[in-house]
């Protein structure tokens with residue numbers, strides 16, 4: 001499992017990403033409130049360019065739980 005983090009929009013948001021052999025999960029946090037504001041999930045086996053966010057699909061819930069357990 002690979003991890004990375006990076007600030008965006010003048011450090012207003014912090015993105016944290018986790019990647020395994022198939023998926024990449026990104027969580028965006030508001031640095032002022034500490035609240036998670038967005039999640040992105042990409043199936044790299046089907047979408048290597050990471051331009052289709054599947055986080056909102058019903059089946060994504062179990063995938064994200066599995067990724068979170070690996071953090």
Which ones in the stretch 18-47 are free of Cβ contacts under 8 Å to residues at least 24 places away in the same chain, surrounded by 10 or more Cβ atoms within 10 Å (Cβ to Cβ) and over 16 Å from residue 5 (Cα atoms)? 22, 42, 43, 47
The correct count of residues that are at pLDDT below 95 and in contact with a helix residue (DSSP H, G or I) (Cβ under 9 Å, 6 or more places away or on another chain) in the stretch 40-71 is 0
Please state which of the following conditions residue 16 fails to meet, knowing it meets all the rest: (1) part of a loop (DSSP other than H, G, I, E, B); (2) at pLDDT below 95. (1)
How about the stretch 1-28: which of its residues are over 14 Å from residue 67 (Cβ atoms) and under 9 Å from the mean Cα position of the chain (by Cα)? 15, 28
For residue 1, only one of the following conditions fails: (1) modelled with pLDDT of 95 or more; (2) surrounded by fewer than 16 Cβ atoms within 10 Å (Cβ to Cβ). What is its number? (1)
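The values are calculated or read from the model by the stated rules, or taken from the named source; none is laboratory data. Source: prediction; values computed, not measured. Every residue, glycine among them, receives a Cβ derived from its backbone with ideal geometry; neighbour counts consider all protein chains shown.
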